[in-house]
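Colleague: One structure is given below, represented as structure tokens, and several questions about it will come after.
Only the coordinates and a few stated rules stand behind these numbers; no lab work does. Only a predicted model underlies this, so the values are computations on that prediction, with no experimental measurement involved. For neighbour counting, all protein chains shown are included, and Cβ atoms are generated from backbone atoms with ideal geometry for every residue, glycine included.
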């Protein structure tokens with residue numbers, strides 16, 4: 001059941017090598033059914049393979065569709081007990097592994113499974129330590145080398161390439177989201193990207209495999225690394241022109257070449273019936289693409305620096321029309337991210353299942369909502385800036401979707417907050433931001449106005465000067481000399497600004513929500 005029906009680890013375990021070895025392992029286990037630990041070792045003392053089987057099963061338990069998944073005739077105990085038993089057994093087997101035994105690619109695979117398992121339960125430090133061990137094993141057997149110095153078949157070389165690049169994806173993921181230094185430095189490997197030729201799902205040109213989505217994850221990781229790794233990143237991310245160039249390249253090099261099965265718009269769904277894992281792979285690939293796109297624009301959430309002024313945070317970018325367009329693109333991407341995350345979260349959680357403890361989906365949801373809320377908050381601050389100049393604001397219905405996405409998603413998640421400590425903690429941190437946006441004049445105007453003639457062609461809002469000439473909010477703001485601090489700020493709103501806002505503005509990395517104690521900084525072990 002765990003290996004076939006609900007297995008979501010195809011990128012870590014490659015058939016048919018795994019399946020053939022698993023069948024042989026099962027025969028040994030059946031002959032030694034009185035001692036599962038002893039049967040896991042097998043005749044050749046292959047401890048690593050026994051651990052791999054257990055780690056795959058543990059990952060599958062985490063991703064069961066619901067708590068009542070049918071196990072009659074398969075399991076004689078509750079899934080939680082099975083999970084605890086498998087964890088203890090895997091740890092015992094790992095302790096039995098002879099220290100002088102050289103590492104193997106199977107050891108790399110089972111450690112990678114364990115990394116994923118630990119991250120899902122927010123055990124970030126332990127997962128990073130396990131990833132470090134996996135990369136040390138990979139280095140010892142030369143997975144990072146194009147030529148390992150030994151004769152290998154094409155299949156074995158492809159397996160090695162896939163194993164290395166899975167490590168690379170996880171390493172960059174840990175850097176981006178949890179602020180770790182890379183364990184695989186750029187320039188210290190020369191292994192090729194996998195060719196994706198193993199087990200195509202059909203014997204036709206252009207057929208995909210169960211690994212195809214991982215090829216795109218590799219491209220995403222490499223591209224974002226190229227943007228965020230150099231020292232110049234600390235200034236480049238505030239340069240609107242540089243960000244625009246990177247975004248254009250990302251579209252051309254990563255998004256446009258996507259296989260029709262994984263196309264962002266109107267994907268080809270015919271492959272879904274051939275491989276049941278594809279719909280889930282598609283959603284997580286979309287999520288990675290949206291996260292990568294959003295990462296490019298995060299520094300422009302407060303495009304006119306009004307929130308920087310209100311929180312006395314030194315601004316790092318110069319307001320421009322391009323910066324305003326980046327914010328609009330950012331908000332659009334965030335709305336799509338929230339929709340994708342909401343669908344994934346609702347499909348993988350259940351009030352009584354092991355998935356209630358899952359960490360990343362609710363944490364990512366909180367991050368996306370926080371960023372979208374900051375964008376809406378900055379627009380309110382810009383309205384006040386214009387109001388002091390006597391400019392009357394008109395409604396832009398393009399913002400309605402952003403506002404409704406933020407408010408409705410927050411309300412829905414609040415009803416489900418009892419199912420996840422991470423969801424509850426995130427909503428508590430965002431409550432102040434929610435209240436500001438909910439009680440703002442912007443909400444009333446957007447949700448009550450039906451006059452489509454007032455909709456602006458571009459930008460977030462349109463505004464009307466005293467003479468009756470309509471302008472876009474952005475152009476009106478750019479006509480002001482400089483963004484100035486409000487000499488008479490509304491005290492009640494300044495006091496209600498989120499406590500974490502200055503830290504977000506100061507360093508808008510993707511890892512901020514996992515470092516900030518208002519959110520998850522003190523929950524991560």
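Colleague: With a cut-off of 16 Å, note down the residues of the stretch 311-326 whose backbone N falls inside the zone around a label point 7 Å from the Cα of residue 234 toward its beta carbon.
Modeller: 314-317
Colleague: Can I ask one more? Using 0.36 nm per residue, how much length does the chain from residue 421 to residue 435 gain when fully extended, once their Cα-Cα distance is taken away?
Modeller: Length difference between fully extended and current span is 2.9 nm.
Colleague: How large is the Kirkwood hydrodynamic radius of the stretch 103-150, counting all unique pairs of alpha carbons, in Å?
Modeller: Kirkwood radius, the stretch 103-150: 11.1 Å.
Colleague: Rounded to a whole number of µm²/s, how large is the Stokes-Einstein D of the stretch 251-306 at 20 °C and 1.002 mPa s, given Rh as the Kirkwood radius over C-alpha pairs?
Modeller: The diffusion coefficient I find is 165 µm²/s.
Colleague: How high is the FRET efficiency from residue 78 to residue 248, r the C-beta distance, R0 60 Å, rounded to 0.05?
Modeller: 0.70
Colleague: Additional query: Compute log10 of I(q)/I(0) for the stretch 99-178 with the Debye formula, placing one identical point scatterer on every Cα and leaving out solvent, at q = 0.13, 0.18 Å⁻¹, to two decimals.
Modeller: The Debye formula, applied to the Cα set alone, gives -0.40, -0.72.
Colleague: Where does each of 333-339, 366-372 land if you order them by average Cβ count within 10 Å, highest first?
Modeller: 366-372, 333-339
Colleague: Report the extension gain between residue 321 and residue 499 in nm, rounded to one decimal, defined as 0.36 nm multiplied by the number of residues separating them, less their alpha carbon distance.
Modeller: Between residue 321 and residue 499, full extension yields 61.2 nm more.
Colleague: Next up: Order these peptides, 208-218, 143-153, 103-113, by their mean beta-carbon neighbour count within 10 angstrom, highest first.
Modeller: 103-113, 208-218, 143-153
Colleague: With a 10 Å radius around each residue's Cβ, average the other Cβ atoms per peptide and rank 416-427, 298-309, 81-92, highest first.
Modeller: 298-309, 416-427, 81-92
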